[in-house]
Amino acid sequence: MPELSPPDSSTTLAEARRVMNLCNVCSYCTGYCAVFHASERRPDLTRDDLHYLANLCHNCRACWYACQYAPPHEFAINVPATLARVRHDSYRRYAWPRAFAALLARSGPATLMVSLVATLLIPLLTLILVPWDTLFAVHREAGAFYAVIPWGVMTTVALITLGTSVLALGIGVARFWRDIGRGAPPASSWWRALPRAAADLLTLRNLDGGGGGCNDVDGRFTQWRRGFHHALFYGFLLCLASTTVAAGYHHFLALEAPYPFFSLPVLLGTAGGVGMMAGTAGLVWVKRRGDPAPTAAETLPADYALLGLLFAVAATGLVLLALRETAAMGLLLALHLGTVLGFFLLVPYSKFVHGAYRGAALLRRAMEQHHGPGTGITAKE
Amino acid sequence: MNDVLVIGGGIAAFCAALAARRAGASVQLVDSAPRHLLGGNARHSRNLRLVHDAPSPLFPGRYTVEEFLTDLRRVSGGHMDEDLARLMAERSRELPDWLQAQGVRFQPTGDGMLPWSCKTAFFLGGGRAMINALARTAEDLGVEILHDTKVLDVRLRAGDHHHLPACREGSSLTLSARTVVICSGGYQANPEALSRTWGIDAAAFLVRGSPHVRGEILLSLLAQGAAPAGVPGACHLVAVNAMAPAADGGIVTRVDGMPWGLVVDRDGRRFQDEGAEITPRRYSFWGRRVARLPGARAHLILDATGLRRAPPSIYPTHRADTLEALARTLALNPAILRDTVDRYHAALRPDGPEDGHTEGLEPPKTRRALPLTTPPFHAWTMAPGITFTCHGLKVDARARIMTVDGRPCDGLHAAGMIMAPTVLGTGYVAGAALTVGAVFGRIAGEEAARRVLTLRPEGEKCLN
């Protein structure tokens, strides 16, 4: 298979190998997160090893401020920025189909473009295809949304796009999983490691910097990033729960949306939407204020683009809720569904993939830990 | 005028500054290094030797005052001051709580990621993280910190008004304070001073820590009649890779894996049993050996098998397909290196509990005597890396500098490596230097503050 990665990927990996080899010899940072101990157990630091370590790194930046070899030291060690570049590289490498890897190479503009097109496409089609006296009428009855955009169209488009996207991401993660297990240290079975990996993922234990939080902005330790990420992540899960409950109402109780303000789907969705907005805005704020030194600046547009898209999904959803009994409902619904469509399309081709690869890396790490702590520790004088 | 002037930027300096500030004194701390090198040698440190009576999250087991003193006595070459060593051991017990109250975090041993040690506690993230925490707390409490500021000299005299000439960014200034705490370390980054003992080879030493620890104040105070401790020119040395930076290489430049190969001098001849030392003391063992060689350089020669077994290094090896070619890249005489290896091979007795040994070879190789036959052949060149000097000022239990006639200088305190030879003599055990710095830094800060506050009018209260 031809290499689709751009020519600089070997330079990125060579630098990561140099950096992590020095970390393996030093080993002062093993208390901060899982990366350093995992690295000591993979002294060869192959491309697969580095992709694994990069996705294990949560970018908390504690090691940057602790590093006795950070620039201007001539060793110029910058673990967070180096691993961010490798992470970026790994998203591209595991994109499926390979032709779409280009979307991840310039992920910021690509995410922005696809989101904008999808977001504008649905309102445009609605304006063309839906009679205006329906579109701009005030709908209060059960099934009001489907009067504007038929239920069948909505669910068919959603299922096809989301299904394809989940499949594409699944193939990428499966290949990543195969590669990071190749030539790896001994590990327990995945199901024994699952509780630990799930706990690491759900609590973002590795964003705790060994107990004091992250260096989100500067040398001070805070829990801002972890907190905002939790708001976004759990907000997102609440929105998923809202959609699932609504589907249950629709199919099993024959209750059609829109649901009352104090119904379960609306309460879940509202809480989730507020969480997502707070989380995305907070993360953008943290990133913009953050010390640029431990940051790989070229990876930031991808972060901002995805955060912007998720903010738009949540914001349009909440505005739709607020104005659903007005004549604006039809277009707002189309706008909201446009952002959702953009998100569905971008699941495997945006920064969103980080969650899947990180989950896989954490599971691998938990498997290796379950097998017992490694022997990679050398006695220090 | 500040109450307390602290000279230095390592653990002793910050412990002194924080102790004095918390006692209510106004404190200025001046460090000769730029901001990014703040921390002195403590930047490269990792663990702290502490007495503890019971297991805790920081360490398993227990470590008593008597055990600490026994360990120190064993290494100190008879130069240890019993009373001060006991004081340090006793007060080391309080350090975890006190340092954590200053924002320092330790790595718990329970995470399974640390070398097993019941004698030392590890800073989470190492010494630079520890210094960052102390500096941040000091700034938050209102300690004024001047970087890149070099105090040129200190007069050895008691008194309540010290005016010290200093230099900052090329311009001179005078720093004034009621008491002075000197925490400016030894003179390991001062090859001129070292050459008085080591001769021309002092120039071949690589400095493992800060290049700013030149010891001018220490040497001046000794010349003015301060009581000395330790031995002139005595120092802690470690074998480091000769490619390491001239200063600030820290922990990762150490050379390890000697038992897996042969070590030869600049003539290509062996001079030491490579299998003799495999404990953590091996680094300093080889540092001392290499420093005494002509030219202060040696080469670790490995074949492909030996390299695989040796611990990883940040440096690439010199590499060649034959021993003769390797000798040429190292500027060794190929015939002599070949002769050295042939004689080693002739003496090999591959069986035995320690992976083989030699018989009838001088010096012998008592462990891991494996043949060097699998190409390619590799070499790392070793140099002595100097960590700190073991020659400093004698202080009393209040960290006051003593004069040769046995009197303490009121208002002039010292803490850290500048006075550590009073306690450590010419020896070293892991983590003890930081303990000296932290304990005597605190004592010096408290004593300095106590002294100035008794001079101060009533009514001003302590800061807590």
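The values are calculated or read from the model by the stated rules, or taken from the named source; none is laboratory data. None of the values given here were measured: they were computed from a predicted structure. Methodologically, a virtual Cβ is constructed for each residue, glycine included, from the backbone with ideal geometry; neighbour enumeration extends over all protein chains shown. Please note that ligands, DNA and RNA were not included when accessible areas were found on the heavy atoms of the full protein model with its side chains. Shrake-Rupley method; radii C 1.70, N 1.55, O 1.52, S 1.80 Å.
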**Request:** Mean Kyte-Doolittle of at least -0.5 plus a Cα span of 18 Å or more along the axis: flag which DSSP H helices in chain A meet both, please.
**Result:** A:9-26, A:107-129, A:151-180, A:190-203, A:224-252, A:264-289, A:300-322, A:329-346, A:353-370
**Message:** Along each principal axis of its Cα atoms, how long is segment B:417-459 end to end? Whole angstroms, biggest number first, please.
**Reply:** 46, 15, 10
**Prompt:** If you wrap a convex hull around the Cα atoms of chain B, how much volume per residue is inside, in Å³?
**Reply:** 148 Å³
**Asked** Just A:15, A:40, A:74 to compare: in a GNM of chain A, with alpha carbon springs under 10 Å, which one fluctuates most?
**Response** A:74
**Reachable aspartates and glutamates, given that their alpha-carbon falls under 20 Å from the alpha-carbon of residue A:287 and they are not under 8 places away in the same chain** = A:208, A:216, A:218, A:298, A:303
**Message:** For peptide B:125-136, what's the mean number of Cβ atoms from other chains within 10 Å of each residue's Cβ?
**Reply:** 5
**Request:** Could you tell me the accessible area of residue A:194 in Å² (1.4 Å probe, neighbours in place), rounded to the nearest ten?
**Result:** 80 Å²
**Candidate residues B:11, B:278, B:200: accessible-area rank, largest first, probe 1.4 Å** = B:200, B:278, B:11
**Request:** Can you tell me the FRET efficiency between residue A:199 and residue A:264 if r is taken as the Cβ-Cβ distance and R0 is 30 Å, rounded to the nearest 0.05?
**Result:** 0.65
**Request:** Please list B:454, B:120 in order of solvent-accessible area, largest first, computed with a 1.4 Å probe with all protein chains present.
**Result:** B:454, B:120
**Complete:** Computed D for segment A:130-201, Stokes-Einstein, Kirkwood radius over alpha-carbon pairs, 37 °C, 0.692 mPa s, to the nearest µm² per second, is 195 µm²/s
**Message:** Normalised by the empirical 2.2 N^0.38 Å for globular proteins, what value does the Cα Rg of segment A:235-326 take?
**Reply:** 1.35
**Request:** Can you tell me how much longer the chain between residue A:319 and residue A:105 gets when fully stretched, taken as 0.36 nm per residue apart minus their C-alpha distance, in nm with one decimal?
**Result:** 73.7 nm
**Message:** Heavy atoms only, 1.4 Å probe, whole protein assembly: order B:260, B:116, A:177, A:191 by accessible area, highest first.
**Reply:** B:116, A:191, A:177, B:260
**Asked** Per-residue ellipticity at 222 nm for chain A, helices alone: DSSP H runs ≥ 4 residues times -39500 (n - 2.57), over residue total, nearest 500 deg cm²/dmol?
**Response** -21500 deg cm²/dmol
**Hydrodynamic radius by Kirkwood, which averages 1/r over all alpha carbon pairs of the protein assembly as shown, in angstrom** = 30.3 Å
**FRET efficiency, 1/(1 + (r/R0)^6) with R0 60 Å, evaluated for residue A:188 and residue B:366 via beta carbons** = 0.90
**Message:** For residue A:351, what accessible surface area do you get with a 1.4 Å probe? Give it in Å², rounded to 10.
**Reply:** 40 Å²
**More than 27 Å apart - percent of Cα-Cα pairs taken over segment B:84-212** = 45 percent
**Message:** For the protein assembly as shown, give me the percentage of DSSP beta bridges that are antiparallel, rounded to the nearest 5 percent.
**Reply:** 75 percent
**D (Stokes-Einstein, µm²/s), Kirkwood Cα radius, segment B:153-295, 1.306 mPa s at 10 °C** = 89 µm²/s
**Complete:** For residue B:321 and residue B:455, extending 7 Å from Cα along the Cα-Cβ vector and measuring point to point gives, in nm, a value of 7.6 nm
**Request:** Would you mind telling me which residue in A:262, A:352, A:145 has the biggest mean-square fluctuation in a Gaussian network model of chain A, where springs connect alpha carbons within a distance under 10 angstrom?
**Result:** A:262
**Message:** I need the per residue convex hull volume for chain A, using only the alpha carbons, in cubic angstrom as a whole number.
**Reply:** 146 Å³
**Asked** At 222 nm, what helix-only mean residue ellipticity would chain B give, in deg cm²/dmol to the nearest 500, using -39500 (n - 2.57) for each DSSP H run of four or more?
**Response** -8500 deg cm²/dmol
**Complete:** The alpha-carbon center of segment A:185-202 and that of segment A:52-90 are separated, in whole Å, by 24 Å
**Prompt:** Quick one: Kirkwood hydrodynamic radius for segment A:135-271, alpha-carbon pairs, angstrom, one decimal?
**Reply:** 19.2 Å
**Prompt:** What aspartates and glutamates could a cross-link reach from residue B:394, if we take a straight Cα to Cα line under 20 Å and drop same-chain neighbours fewer than 8 places away?
**Reply:** B:81, B:82, B:83, B:90, B:153, B:216, B:405, B:410, B:446, B:447
**Asked** chain B: longest stretch without exposed GluC sites (Glu not before Pro) (DSSP loop, at most 11 other Cβ within 10 Å), sites themselves excluded?
**Response** B:170-358
**Prompt:** Under Stokes-Einstein, with the Kirkwood radius over Cα pairs standing in for Rh, what whole-number D in µm²/s applies to segment B:26-143 at 4 °C and 1.567 mPa s?
**Reply:** 82 µm²/s
**Request:** Return the distance in nm (one decimal) between the two label points of a simple spin-label model at residue B:163 and residue B:197, each offset 7 Å from Cα along Cα→Cβ.
**Result:** 3.7 nm
**Complete:** chain A, Gaussian network, Cα under 10 Å: of A:58, A:371, A:354, the residue fluctuating most is A:371
**Message:** How much of the pair distance distribution for segment A:24-119 lies past 23 Å, counting alpha-carbon pairs only, in percent?
**Reply:** 36 percent
**segment B:430-456-segment B:13-76 distance, computed between alpha-carbon centres (Å)** = 11 Å
**Pair residue A:300, residue B:56: separation of 7 Å Cα→Cβ label points (nm)** = 4.2 nm
